[in-house]
Structure formats: structure tokens, C-alpha cells
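For reference, the structure discussed in these notes is given below.
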Amino acid sequence: MKYIILLLLFICSTSHAQQLVGTREYTVQRGENIGQILYKLNLSPLWGRQGYVQKTIELNSHLLNKDGNIVLSNVVIKIPVIENNIQEEKQVIIPHQKRESSSVTTGSDDILNSLISLTTGLQFWQIDATEKSNKTHAKIESEISPSIDLRSNFLWDNKSETYIGIGYNKISFKQPETRKIQNLSENYGEFYLGQKFHLSPDWTISGEFKNIQRPFLRATSNSQLTIDSPWMQQLNLGLERKLITKKNGFLALKFSPYYLFEKKLDDYTIKPGAGFRADIKLKQDFKKFSMETSFFVDYASQDSSLTNQKTQYNGILVRFNFPLGGN
């Protein structure tokens, strides 16, 4: 009987000792999973119904995929505080917080992380224009044109990021089924500033302002085709949905309508226009960088005082993201 009483007292004290009394926050770094995080913080017991792994999963179930993996890096998760381990956690976790200050949220507005991205790609353009005065129609298309882009992302928290970048490509136009047209090879640049908001692990909304050179067919005489490349202002909105999420990557669809502002040139005016872009994106995380591959199509309609013009371009982009760390 004495041993039975002692066993019952032990079970009751163990149950009481494992009571959840609070939580603390932790910012997940790229490639980490729940087991690695709890092991790094020296929390035990990890496994079992009363272990830290099970309680952490219960607290953060809305941030996990069907395999129990954390979907996003830089997301803030809740770590349970268990009553009998409070003193141990104070002795063990606080030194880790000093050594891992970039991993634990402090409630400040410091930048948690930042990325620098290098993008290369290939694009193909088509322009159809009709002159208003005599209805003359012309169509030109480009050769396969390489492009390059450099971008920096600032990740403020697990829900928002700001990015800024510059891009360059060289486009050489020709008439369909003819040789390259002289004087229709131009250098094109762009500067852009954007903001992203992660509404949930699967949905992202973004806004972007671009100052970009766009090709515009000025004359539509088939014997004398000339093209301008004025700097245009463009305002984009984007909505992205993850279709498939795996441990270290995802497949997403992004749709971006945009507005083109009016541009006054010396002898004619380009009127406001609109367009849209659709991207199929594949992202994969590696140990020290991530890679995004995007297949896209872009279509716009923008008239001038001289012509009605429709522009389409499509291609593939490959972006390499390198983390720079944070405060």
C-alpha cells in the first residue's frame, strides 16, 4: 500500500509539474524545424504527450503544414513555458538569447533580416500598333533578350517586407520573318520600390512603384519603323497564392494588374494605359541561399495621340536570394 501511495503522489506531482503557465516568442531562422529549435534552447523533455514538441505544435498549429513543418522563415512562433521548468529555463534560455539575439524577438522595430537578390532572365517582346490617321498597321517583335536585376529586401517582421531594385536589359526588334531592323536596338532600364504583406502562410499581397523604360512604336509605316523608349511610371498591385508547399520550397501563382501613367513627349503624348502580369513561381530553399524560378506573361494596352498600341512580353526569370542577416 505504501508503494502505491508513493506512486500516486509521484504521478500527481509530475502532472502538476508539467502544467503550461505561459509562452515566450521565438523567430524561426531559415531551415529550422521545431525539434531543432527546442534542442538548441536546451528544453526537455522533448517528446511524449507532456513534452515540449507536442505542446509547441499545439500552440502553433496554424503556422504548420500538413507534415508538421514550419512554412515560413522569420515567422514568430510561441514556445511553451512549463511550471516546473521555469527556473531551469531562466538559467538555460537567457544565455542563449544573448548569443542568439538575432533569433529571439525583442519587441523592437529593428530589421530582423535582409536579403540581396540577383536575377537573370530571358524575355521576348511583341508590339502591335495601328496609326490613327490612316489605319496603317505594323507589328514588330524582339529577339530573345537577356536581362539582369539587383534587388535588396528588408524583412521587418514575419508579415511585412520592403524591397528596392534596379534592372537592365537590351532589346533588339525586327519585323516578323525579316532580318533585324536598324536603329531598333535599345538599352532599357528600370528602378522600382515595393512593399509586401504576408496575409497568411499561403497568401501575399504587394504594391510596387516602377520608373521603367518601355518600348513604344512611334510610326507605323512598314518601310520606316522607329521606336521610342521613354521613361514611364507604373503602379503595380500583386496577389500571390501558394499552390503547393513542401519542406524547403513552394509553387505559387501571382497575378499583378498595373496602371501606366501618362507621358508627354516633344511632339506627341502617350496616354494612360493598363496591363496585367501573371507569374508561375517555383521557390527552393538551400542551406545558404534560396532560388526562385518564374515563368511569366505580361500584356498591356496603351495608346498615344498618334497610335493605338498593344504590347506583350513573356519569358523566364531566375532569382538567387542571399541572406545578409539583421540586427
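The table below lists the values:
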read-out: Any hit, region 61-77, residues being at pLDDT 85 or above, in the same structural domain as Thr23 (by TED's automatic domain parsing) and closer than 11 Å to Val28 by Cα; value: yes
read-out: Test: residue in region 206-214 that is out of contact with any Gly (no Cβ under 9 Å at 6 or more places or on another chain), under 24 Å from Leu63 (Cα atoms) and either surrounded by fewer than 18 Cβ atoms within 10 Å (Cβ to Cβ) or of a type outside the set (Asp, Glu) (or both); value: no
read-out: Elements of type strands (runs of 3 or more DSSP E) in region 81-168, at least 1 residues being closer than 26 Å to Tyr52 by Cβ and modelled with pLDDT under 80; value: 113-131
read-out: Flag if Gly189 is over 20 Å from Thr311 (Cα atoms), modelled with pLDDT of 90 or more and in a strand (DSSP E or B); value: no
read-out: Any hit, region 254-264, residues being in contact with a Ser or Thr (Cβ under 6 Å, 6 or more places away or on another chain) and either assigned to a strand (DSSP E or B) or not assigned by TED's automatic domain parsing to the domain that holds Asn33 (or both); value: no
read-out: Residue count for region 281-315, restricted to those that are in a loop (DSSP other than H, G, I, E, B) and over 15 Å from Leu118 (Cβ atoms); value: 5
read-out: Residue that is nearest to the chain's Cα centre (by Cα) [pool: residues in region 290-304 that are surrounded by 18 or more Cβ atoms within 10 Å (Cβ to Cβ) and closer than 17 Å to Pro230 by Cβ]; value: Ala300
read-out: Test result for Lys242, surrounded by 15 or more Cβ atoms within 10 Å (Cβ to Cβ) and in the same structural domain as Arg151 (by TED's automatic domain parsing); value: yes
read-out: Inter-residue pairs, beta-carbon under 6 Å, first at pLDDT below 95 and in region 203-219, second outside any strand (DSSP E or B), 6+ apart; value: Gln213/Ser229; Pro215/Ser229
read-out: Pairs where the first residue, in region 140-151, is within 17 Å of Leu217 (Cβ to Cβ) and the second is among the aliphatic types (A, V, I, L, M) and in a strand (DSSP E or B), C-beta under 6 Å, 6+ apart; value: Ile140/Ile127; Ser142/Ile171; Ser145/Ile171
read-out: Among the candidates Gly275, Gly315, residue that is crowded, with 18+ Cβ neighbours inside 10 Å, modelled with pLDDT of 95 or more, under 25 Å from the mean Cα position of the chain (by Cα) and more than 21 Å from Gly207 (Cα to Cα); value: Gly315
read-out: Val318 in a strand (DSSP E or B), farther than 18 Å from Leu115 by Cα and of a type in the set (Val, Ile, Thr); value: no
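The values are calculated or read from the model by the stated rules, or taken from the named source; none is laboratory data. Keep in mind the model is a prediction, meaning the values are calculated, not measured. Cβ sites come from the backbone with ideal geometry, for glycine too, and all protein chains shown count toward neighbours.
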